[in-house]
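Novice: One structure, as structure tokens, below. Some questions next.
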Amino acid sequence: MSTEPISAKTLAELREIAARYPEPRSGLLPMLHLVQSAQGRITPEGIEACAAILEISAAEVSGVATFYTMYKRHGVGDYHVGVCTNTLCAVMGGDAIFERLKEHLEIGNDEVAVQRQGDSRTVSLEHIECNAACDFAPVMMVNWEFMDNQTPDSAVQVVEALRAGHEVSSTRGPRLCTWREAERVLAGFPDGRVDEGPSAGPASLAGLEIARERGWSAPEPPSAPAVSAATDGGER
Amino acid sequence: MTELTPVLTDIWDAEQSWKLATYAARGGYSALDTAFAMSPDAVIAAVKDSGLRGRGGAGFPTGMKWSFIPQDNPKPKYLVVNADESEPGTCKDIPLMMGNPHVLVEGVILSSYAIRANKAFIYIRGEVVHVIRRVQAAVAEAYAAGHLGQDIHGSGYDLDIVVHAGAGAYICGEETALLEGLEGRRGQPRLRPPFPAVAGLYASPTVINNVESIASVPAIVKNGAAWFGSMGTEKSKGHGIFSLSGHVERPGQYEAPLGITLRELLDLAGGVRAGHQLKFWTPGGSSTPLLTAEHLDVPLDFEGVGAAGSMLGTRALQIFDETVCVVRAVLRWTEFYKHESCGKCTPCREGTWWLVQALTRLENGQGTEADLDQLLDQCDNILGRSFCALGDGATSPVSSSIQHFRDEYLAHLSHGGCPFDPAKSTAWAGQEVSA
Ligand SMILES: Cc1cc2nc3c(=O)[nH]c(=O)nc-3n(C[C@H](O)[C@H](O)[C@H](O)COP(=O)(O)O)c2cc1C
Ligand code: SF4
Ligand code: FES
């Protein structure tokens, strides 16, 4: 895969990230996200750039980059598909979805599918751990956006639509951007998609809907501010 | 019948609930002036009086944690919000930040004021881009409205918030590993003491709290400690989000007083999926020992679940019916712990590897009954000997499943493999036939 060199703009943004923190090294995780956005993976050049800005050794940066699973030494597709195979999702069908996608894409874990003639975009596949969406099991992530309540068939449809270059939306979020664009958001540069998607998915609202139907709410607050009792200085 | 008590979830069904305008129209950010009229110590006292205990798993009293910050220490104080939510089964903080990010931001301001921090960090796991967008935007909106920055509301109090994305590591939910991540290092836990309250981020006094803990603060400041304490049980006060997942008719988020039972929650959720029975469940994520149908009436508060031999944890109620092989479930969780072990200490690094080997053999029907006792021995070598609670948690599913389902392990041996059909457990099981 050809990688364009890190631009002056990216270098300036890397410095900008470091400057958000009282100690610049705190910026390293988001800086590595930006390297991935700019270069499609963690490159030796990206590691050197972070090391130079933070005045630490490349070995230290490399040690951090290899510790965290979201950092990729090898490139991923335009759309990186993660299938949750932690216990709850696995049992609910995540294992079957992952098997089906491996077979359909003819790849193993953590690989990029071949770009067929006519495909305008690439996809890669990985099995992932619990993504905090168990009430929507089985869960798939595309570029770290939720694709809730999947089946093997729906998962195949999603990857085919993505390869064909169609617009696909998260079931609980925005229109999907590319992996590199998503990595830029993780580096702390918003992309303007925040107002897309719902407030909450259907499962998130399960309890609230029941409360509404039955007229339940939290206890009424007292009419006078009840904290006044605690405003006496609070030395206790 | 315990009634649901939506507080943090109450806004989730509103149009654009994540916007400041929506939040403010419901009284959002009004707790700031209430707090600024109080001394920081009085805010700490109010949170202490409320009985709020940490919602990230361990249940440590929040106000007490804040009072440990040495105010005579000249170094800056920091608040760090733990939004790493990665404990298997736990899925409450993510929808909370997606649907109601401003309650978290308001809570950060109040909590930072109380501990006298002028800089706060929200450490969000990286694998949830849209949630990160929502929190980033909420912080930006709060700055623009004058709720953050210099001299907030003319109070003389300054606060900056940095939203920080993690990069994939369950261990970074452990608070000292999180600090390592936030300092740009590998996420490996630190030796305690010193505790973060004394020497945390940049060796400065630091409070680390869960998202839901911090988000509970605005209503406590606004409505009072007594209001909060009117919900819940004697030692486990207030509201909490209960997350039902798996083989239940209506999985999802149910905000209720602590002390509600699984029987009550299942009743609201339409029961275990039709035609099936409850087999086992986790009360608070995979690191909390499994419970069974015997425990349906255990009050889901810190004391009740503790007395039943498990832990309330994060109220992550993963429900498994009789189609699920407990050995398969436990093996998968154990593979997770092995993968996520940070490698710093031997009992966990080596022990989780051995657990996976032994469980794999049993799942394949190989071995003898003596291997079960060896598994329990291995758990003994990890539990209490590991450097952090990840290792301890890894033993919970193993030992509790052997305690409750020893016969099922043995059935794998006599059957020469797993006697269960995984197809029967899927969300779509049975639908192909009827369609
Ligand atoms: C392996 C491990 C993972 C954890 N993950 C989280 C997490 O994702 N979120 C969280 O709030 N606490 C997590 N904790 C607990 C934290 O260490 C800490 O107790 C908590 O953030 C304190 O906040 P609280 O007092 O408000 O609950 C984890 C602990 C361990 C040992
Ligand atoms: S118990 Fe596991 S995760 Fe914790 S320090 Fe030891 S090796 Fe790391
Ligand atoms: S187990 Fe898959 S999202 Fe939690």
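The values are calculated or read from the model by the stated rules, or taken from the named source; none is laboratory data. Fair warning: this is a prediction, and the values are worked out from it, not measured in the lab. Using ideal geometry, Cβ is built from the backbone for each residue, glycine included, and neighbour counts are taken over all protein chains shown. The area values use the complete protein model at the heavy-atom level, side chains included, leaving out ligands, DNA and RNA. Shrake-Rupley method; radii C 1.70, N 1.55, O 1.52, S 1.80 Å.
Novice: Quick one: which bits of the range B:235-264 get at least 50 Å² less accessible when the partner protein chains are in, versus the chain alone, with a 1.4 Å probe?
Specialist: Buried-area filter returns B:ARG250, B:GLN253.
Novice: Would you mind checking which residues have amide H under 5 Å from A:ILE128's amide H? H placed 1.01 Å from N; only 5 or more apart, or other chain.
Specialist: Those qualifying (amide H under 5 Å, at least 5 residues apart or on another chain) are A:VAL83, A:CYS84, A:THR85.
Novice: While we're here: Near A:GLU160, within a Cβ-to-Cβ distance under 13 Å, what is the net charge of the other residues, with Lys and Arg +1 and Asp and Glu -1?
Specialist: +2
Novice: Still on this model: Whole-Hz Karplus ³J(HN,Hα) for the range B:90-96, in order, using 6.51 cos²θ - 1.76 cosθ + 1.60 and θ = phi - 60°, x for Gly and Pro?
Specialist: Listing the rounded values in order: 7, 8, 10, 5, 5, x, 5 Hz.
Novice: Under 8 Å for C-alpha pairs, at least 6 residues apart: give me the relative contact order for the range B:239-321, rounded to a whole percent.
Specialist: Details: 179 pairs, mean separation 30.2, N = 83.
Relative contact order here is 36 percent.
Novice: What net charge do the residues around B:ILE69 carry, taking every other residue with its C-beta under 9 Å from that of B:ILE69, with Lys and Arg at +1 and Asp and Glu at -1?
Specialist: Taking every Cβ under 9 Å from that of B:ILE69, the sum is +3.
Novice: Could you tell me the relative contact order of chain B? Use alpha-carbon pairs under 8 Å, at least six residues apart, and round to a whole percent.
Specialist: So the answer I get is 16 percent.
Novice: On to the next question. Which value, in square angstrom to the nearest 100, describes the accessible area buried between chains B and A on both sides, using a 1.4 angstrom probe? Could you put the intermediate results ahead of the total?
Specialist: On the way: alone 17590 and 13270 Å², together 23420 Å².
In total, this chain pair buries about 7400 Å².
Novice: Let me ask something else. Of the peptides B:130-140, B:336-346, how do they stack up when ordered by the mean number of other Cβ atoms within 10 Å, highest first? The partial results should precede the final answer.
Specialist: Details: B:130-140: 24.6, B:336-346: 19.4.
Peptide ranking by packing, descending: B:130-140, B:336-346.
Novice: Can I ask one more? What relative contact order, as a whole-number percentage, does chain A give when Cα pairs under 8 Å and 6 or more residues apart are counted? If you can, show how the numbers build up before the last one.
Specialist: Details: 342 pairs, mean separation 40.3, N = 236.
Relative contact order, chain A: 17 percent.
Novice: What are the residues whose amide H is under 5 Å from the amide H of B:GLY259, where those residues sit 5 or more places off or on another chain and H is modelled from the backbone?
Specialist: Correct list: B:LEU300, B:ASP301.
Novice: Right, something else. If the cut-off is a Cα-Cα distance under 23 Å, which lysines reach B:LYS424, setting aside same-chain residues fewer than 8 apart in sequence?
Specialist: A:LYS102, B:LYS279
Novice: Gaussian network model of chain B, Cα springs within a sub-10 Å range: biggest mean-square fluctuation belongs to which of B:ASP377, B:ASP41, B:ASP421?
Specialist: Highest fluctuation among the options: B:ASP421.
Novice: Given a 1.4 Å probe and every protein chain left where it sits, what share in percent of the accessible area of chain B is carbon and sulfur?
Specialist: In chain B, the share of accessible area belonging to carbon and sulfur is 53 percent.
Novice: Please work out the FRET efficiency for the pair A:LEU11 and B:ALA140, using the Cβ-Cβ distance as r and a Förster radius of 22 Å; give the result to the nearest 0.05.
Specialist: Using R0 = 22 Å, I get an efficiency of 0.35.
Novice: Could I ask something else about it? Under 5 Å between amide H atoms, partner at least 5 residues away or on a different chain: which partners does B:ILE319 have, H built in plane at 1.01 Å?
Specialist: Amide H neighbours of B:ILE319, under 5 Å, 5+ apart: B:SER245, B:GLY246, B:HIS247.
Novice: Shifting gears a bit: Using a Gaussian network model of chain B whose springs link C-alpha atoms within less than 10 Å, name the residue from B:PRO205, B:PRO95, B:PRO397 with the highest mean-square fluctuation.
Specialist: Between B:PRO205, B:PRO95, B:PRO397, it is B:PRO95 that shows the largest mean-square fluctuation.
Novice: Rank B:PRO194, B:PRO347, B:PRO101 by mean-square fluctuation in a GNM of chain B with C-alpha springs under 10 angstrom and give only the top-ranked residue.
Specialist: B:PRO194
Novice: Do any residues of the range B:417-432 show a loss of at least 10 square angstrom of accessible area between the isolated chain and the full protein assembly, using a 1.4 Å probe, and if so which?
Specialist: SASA drop of 10 Å² or more in the range B:417-432: B:SER425, B:THR426, B:ALA427, B:TRP428.
Novice: Across the range B:20-229, how many lysine pairs, 8 or more apart or on two chains, come within less than 24 Å at their alpha-carbon atoms?
Specialist: The number of close lysine pairs in the range B:20-229 is 14.
Novice: Which percent of the accessible heavy-atom area of the range A:8-67 goes to carbon and sulfur, probe 1.4 angstrom?
Specialist: Working: 1210 of 2170 Å².
C and S atoms contribute 56 percent here.
Novice: In a shell of Cβ-Cβ distance under 9 Å around A:PHE136, excluding A:PHE136 itself, what net charge do Lys and Arg (+1) and Asp and Glu (-1) give?
Specialist: Net charge in that neighbourhood comes out at -1.
Novice: Sticking with this one: Which of the DSSP-defined H helices in chain B satisfy a minimum axial length of 15 Å, computed from C-alpha atoms, and a minimum mean Kyte-Doolittle hydropathy of -1.0? Walk me through the numbers before you get to the answer.
Specialist: Working: long enough: B:40-50 (16 Å, 0.45); B:101-115 (21 Å, 1.29); B:129-144 (22 Å, 0.61); B:326-340 (21 Å, -0.33); B:346-363 (25 Å, -0.31); B:370-382 (19 Å, -0.33); B:389-415 (35 Å, -0.30).
Qualifying helices, which must be both long enough and hydrophobic enough, are B:40-50, B:101-115, B:129-144, B:326-340, B:346-363, B:370-382, B:389-415.
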